[in-house]
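Report on one structure; see the data block that follows.
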Amino acid sequence: MNDTLSRRSLVQMAAGAALLTTKLTPKLSAAAPFTLPPLPYAFDALEPYIDARTMEIHHDKHHQAYVDNLNKAVASDSSLSGMTVEELLAKLDTLPAPVRTAIRNQGGGHANHSLFWQTLGPAKGAQPGGALAKALDTSFGSYSKFEDQLKAAATGVFGSGWAWLVVDGNKLAIEQYPNQDSPISKGKKPLLGIDVWEHAYYLKYQNRRPEYLAAITKVINWDFVSGRYDQLSK
Ligand code: MN
């Protein structure tokens, strides 16, 4: 037997066996495609607005739990394997009933927080630029009026949830969502979300949500959000 051929056929056999094994014996670890994205800055990078301990618990514990529980949910139904979290959320209403709530909560939690970390960064006193700045002016009158409306929406979320700036068709909108519901499930494109679960602010701000909102709007990474708008509105 030719050495190259034999090595190739061994590789093919091994690949086939691995595929068969995966199909016959789904394991939580092997079937778990989602991982916690690393925080793109240090835990204390948003001080003094958002404290390091809150960031550490929020990212390492809360977001990790959404990832772990999402992986369990996906592993429980083979029809869900191979789908991205955005695909799962976009098709939420058509998912099998036994896993739909888990995907809604845990998949929403994973997607929402994955975007949230990227939309924050060390305070630079920056405001939106480029096309996003113009779109905010058109939709809300000015950046200042936009920020007031975003804070009002976030203040008004009853209990746990998010306020989102979304691209809705060809316009921008501010919307309130309960729990970890994702704008993606409503056919909207999320640009920037403000997490108003108490786990996002309670250590530093306790029940003073408006103080947290005044602080978090100081640490929005407008370079990232403006770039995301350019991508989404192409
Ligand atoms: Mn959160």
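The values are calculated or read from the model by the stated rules, or taken from the named source; none is laboratory data. Because the structure is predicted, anything quoted here is derived from the model rather than measured. When we count neighbours, we look across all protein chains shown, and the Cβ atoms used for this are built from the backbone with ideal geometry, even at glycine.
Worth a mention:
- The residues on offer are 153, 97, 90, and the sole one that is surrounded by 15 or more Cβ atoms within 10 Å (Cβ to Cβ), on the phi < 0 side of the Ramachandran plot and either outside the structural domain of residue 214 (by TED's automatic domain parsing) or within 16 Å of the ligand (Cβ to nearest atom) (or both) is 90.
- Here is the figure for segment 171-186: residues that are away from the ligand (no atom under 12 Å from the Cβ) and touching a residue at least 40 places away in the same chain (Cβ under 8 Å) total 4.
- Condition met for residue 201 (free of Cβ contacts under 8 Å to residues at least 12 places away in the same chain, of a type outside the set (A, V, I, L, M) and within 16 Å of the ligand (Cβ to nearest atom)): no
- Tally of residues being of a type outside the set (Phe, Trp, Tyr), surrounded by 16 or more Cβ atoms within 10 Å (Cβ to Cβ), within 18 Å of residue 88 (Cβ to Cβ) and at pLDDT 95 or above across segment 30-67: 3
- Within the option set 126, 214, 153, being among the small types (Gly, Ala, Ser) and at pLDDT below 95 holds for one residue only, 126.
- Applying a threshold of 8 Å to beta carbon distances and a minimum spacing of six or more residues, or different chains, the list of pairs starting in segment 204-216 at a residue that is more than 18 Å from residue 150 (Cβ to Cβ) and ending at one that is of a type outside the set (A, V, I, L, M, F, W, C) reads 204/51; 204/54; 204/212.
- All of 115, 120, 132 fail the test of being within 22 Å of residue 40 (Cβ to Cβ), more than 16 Å from the ligand (Cβ to nearest atom) and modelled with pLDDT of 95 or more, apart from 132.
- Conditions (1) within 14 Å of the ligand (Cβ to nearest atom); (2) more than 25 Å from residue 186 (Cβ to Cβ); (3) touching a His at 6+ places or on another chain (Cβ under 8 Å): number failed by residue 58: (2)
- Taken together, the residues in segment 73-85 that are surrounded by 15 or more Cβ atoms within 10 Å (Cβ to Cβ) and closer than 16 Å to residue 105 by Cα amount to 6.
- Residue within segment 202-211 that is at pLDDT 95 or above and touching a strand residue (DSSP E or B) at 6+ places or on another chain (Cβ under 9 Å) present: no
- Qualifying residue in segment 70-83 (condition: within 20 Å of residue 189 (Cα to Cα), at pLDDT 95 or above and within 16 Å of the ligand (Cβ to nearest atom)): no
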